[in-house]
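Student: Sharing a structure here in structure tokens format.
The values are calculated or read from the model by the stated rules, or taken from the named source; none is laboratory data. Please read these numbers as outputs of a predicted model, since none were measured by experiment. Here the Cβ is made from the backbone with ideal geometry for all residues, glycine too, and neighbour counts use every protein chain on show.
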Number of protein chains: 4
Amino acid sequence: MFFIELKVRDYECDQQDVVNNSVYMNYLQHARHEFGDTVGLNWVDLCSKGINLMVRRAELDYRHFLRSGDTVRITAEPGRKGKFKLFFKQKIIRIPEETVVLEAMIHVACVVDGKPAAPDILDEWFGPVS
Amino acid sequence: MFFIELKVRDYECDQQDVVNNSVYMNYLQHARHEFGDTVGLNWVDLCSKGINLMVRRAELDYRHFLRSGDTVRITAEPGRKGKFKLFFKQKIIRIPEETVVLEAMIHVACVVDGKPAAPDILDEWFGPVS
Amino acid sequence: MFFIELKVRDYECDQQDVVNNSVYMNYLQHARHEFGDTVGLNWVDLCSKGINLMVRRAELDYRHFLRSGDTVRITAEPGRKGKFKLFFKQKIIRIPEETVVLEAMIHVACVVDGKPAAPDILDEWFGPVS
Amino acid sequence: MFFIELKVRDYECDQQDVVNNSVYMNYLQHARHEFGDTVGLNWVDLCSKGINLMVRRAELDYRHFLRSGDTVRITAEPGRKGKFKLFFKQKIIRIPEETVVLEAMIHVACVVDGKPAAPDILDEWFGPVS
């Protein structure tokens, strides 16, 4: 399964001395975009071709917090239901203890010319239509 | 229902020329904290007393996007199921067109001394236990 | 002199319980862009016409800190030396006490087609060449 | 000289398709804090002991921009003039081309109990008083 690893940066922590809730969205997006690069689908390139991948629903389960100095693994597991229902299962795991910090389900829509679309290129990313 | 209004700032927009997904979490948190102030429960004060309100699950439905210059209303409607299940229903609405941009359900836990707690002070915020 | 007013948002504060240093750059940019709008020079529109205003040097003097709940006035006073040297003098002032929190000098360059330029439209913003 | 390396994340880019000016402040802070760790002076630990290192002036010269996918080296070279004048010379360099993207001079003050201070522990970080 695809993953990246990164270290919490102090400016990402808030007055509760933990990584602010919104920063998890940054981490998850970064992992998804890095995943795209590994399968030859650069997110910025896609946008410039008019193929827009957009988050349409995010479900985030916060299990633990992250503190200054923590290191995490962020996973991105793509999936697909039918032609248009694309999603990523993602986890943020504090390492080396392997503590699950966040579990997420990110539902994505592909939009071309303002309409839902499923160009073949998505097969590289999310697998073929099942 | 409680709400705040604010204008999108250019630095909140990303390469897709829309407000980045993570910024909605900032907007929602800001509205919840401002709501707290109106009922005499300052979030920072609560933390300093060891009463920590934490997001444990967030469900975000992105309906439309926001662009540079847009103005929004952000609502925060608290609710409660039993003693410990606290939540906020929230919406981000682009004005003056009244376009619903985001609908969110933010599930919150109150933690005191590392354990789930329901101090009376929460009644001010989320209503009495039903 | 042009100014905007805004209230500190909790997510802008870091582990020292003050607004993080980087956020001042956000505040200053926001004030400059809002100023642009008042003289008919929308920053995003300018970019889309290939007229890029870029910060080339920033000098920031931090005098005091900002805390959760503080309200500030942010000024933006444009200036010009010769054809190409454009700048903004800016201040962040905590109100109502009128405490100067930050003084800044933001030197700006206008770039068109990758080269320094001084289209007439800049006169609206920075005044005529002196 | 101390340095860290990191890759630009897409969410750090703005509508001009470049890393937003404010993000450089994040990068610089992160490099300074990482430097602290290497000499046994964790920034968060210092704060909790009441030893506050604060930026009092920042001078940032923006030489080039950074785009999605760029990788950078960020340096942090500490210095000192007399007992109280502490600073960091910092650079952000795009690699592998070795393009200087930003040069910065970050002047820092140490504050203990609300007053300028120079505890011995600072010698580890900035060198002895010269």
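Student: Can you tell which of C:Asp17, C:Asp37 is touching a Lys or Arg at 6+ places or on another chain (Cβ under 7 Å) and at pLDDT below 95?
Tutor: C:Asp17
Student: Would you mind telling me which numbered condition in (1) closer than 24 Å to C:Leu53 by Cα; (2) within 14 Å of chain C (Cβ to nearest Cβ) D:Arg94 fails?
Tutor: (2)
Student: Restricted to region A:74-86, and to residues that are part of a strand (DSSP E or B), more than 14 Å from chain D (Cβ to nearest Cβ) and in contact (Cβ under 8 Å) with a residue 24 or more places away in the chain, which residue is farthest from D:Val44 (Cα to Cα)?
Tutor: Restricting to residues being part of a strand (DSSP E or B), more than 14 Å from chain D (Cβ to nearest Cβ) and in contact (Cβ under 8 Å) with a residue 24 or more places away in the chain, the top hit is A:Lys81.
Student: Also, quick follow-up: Give the residue, chosen from D:Ala104, D:Ala31, D:Ala118, that is over 24 Å from C:Leu28 (Cβ atoms) and small (Gly, Ala, Ser).
Tutor: Being over 24 Å from C:Leu28 (Cβ atoms) and small (Gly, Ala, Ser) holds for just one of D:Ala104, D:Ala31, D:Ala118, which is D:Ala118.
Student: Pull up region D:1-49, narrow it to residues that are in contact (Cβ under 8 Å) with a residue 60 or more places away in the chain and part of a loop (DSSP other than H, G, I, E, B), then point me to the one that is nearest to the other protein chains (Cβ to nearest Cβ).
Tutor: The extreme case among them is D:Val8.
Student: A follow-up question, please. Could you tell me which numbered condition D:Arg80 fails, if it satisfies all but one of (1) surrounded by fewer than 20 Cβ atoms within 10 Å (Cβ to Cβ); (2) closer than 17 Å to C:Gln16 by Cβ; (3) touching a Ser or Thr at 6+ places or on another chain (Cβ under 8 Å)?
Tutor: Among (1) surrounded by fewer than 20 Cβ atoms within 10 Å (Cβ to Cβ); (2) closer than 17 Å to C:Gln16 by Cβ; (3) touching a Ser or Thr at 6+ places or on another chain (Cβ under 8 Å), D:Arg80 violates only (2).
Student: Here's something else I'd like to know. Could you go through region C:100-107 and let me know if any residue there is acidic (Asp, Glu), over 18 Å from B:Asp10 (Cβ atoms) and within 14 Å of chain D (Cβ to nearest Cβ).
Tutor: yes
Student: Let me ask something additional. Given the conditions (1) exposed (fewer than 15 other Cβ atoms within 10 Å of the Cβ); (2) in contact (Cβ under 8 Å) with a residue 12 or more places away in the chain, and given that B:Leu102 satisfies all but one, which numbered condition is not satisfied?
Tutor: (1)
Student: Which condition breaks for A:Val39 when tested against (1) buried (at least 16 other Cβ atoms within 10 Å of the Cβ); (2) β-branched (Val, Ile, Thr); (3) in contact with a helix residue (DSSP H, G or I) (Cβ under 6 Å, 6 or more places away or on another chain)?
Tutor: Failed condition: (1).
Student: When residues of region B:88-99 are filtered for being surrounded by 19 or more Cβ atoms within 10 Å (Cβ to Cβ) and not β-branched (Val, Ile, Thr), how many remain?
Tutor: Of the residues in that region, 4 qualify.
Student: Now a separate question. Restricted to region C:50-73, and to residues that are away from chain D (no Cβ under 14 Å) and in contact with a strand residue (DSSP E or B) (Cβ under 6 Å, 6 or more places away or on another chain), which residue is nearest to C:Asp14 (Cα to Cα)?
Tutor: Of everything passing the filter in region C:50-73, C:Ser68 is nearest to C:Asp14 (Cα to Cα).
Student: Also, I was wondering about something else. Among the residues that make up region B:106-118, is at least one of them out of contact with any strand residue (DSSP E or B) (no Cβ under 6 Å at 6 or more places or on another chain), loosely packed, with under 14 Cβ neighbours inside 10 Å and in a loop (DSSP other than H, G, I, E, B)?
Tutor: yes
Student: Could you list, in sequence order, the residues of region B:50-67 that are part of a strand (DSSP E or B) and at pLDDT below 95?
Tutor: B:Ile51, B:Asn52, B:Leu53, B:Met54
Student: Collect the residues in region A:93-105 that are more than 18 Å from the chain's Cα centre (by Cα) and either in a strand (DSSP E or B) or hydrophobic (A, V, I, L, M, F, W, C) (or both), keeping them in residue-number order.
Tutor: A:Ile95, A:Thr99
Each row is one residue, and each column tells you yes or no for (1) basic (Lys, Arg); (2) closer than 16 Å to D:Phe2 by Cα.
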{"residue": "D:Arg56", "(1), (2)": "yes, no"}
{"residue": "D:Tyr62", "(1), (2)": "no, no"}
{"residue": "D:Thr71", "(1), (2)": "no, no"}
{"residue": "D:Glu77", "(1), (2)": "no, yes"}
{"residue": "D:Gln90", "(1), (2)": "no, yes"}
{"residue": "D:Val108", "(1), (2)": "no, no"}
{"residue": "D:Val111", "(1), (2)": "no, no"}
{"residue": "D:Pro116", "(1), (2)": "no, no"}
{"residue": "D:Ser130", "(1), (2)": "no, no"}
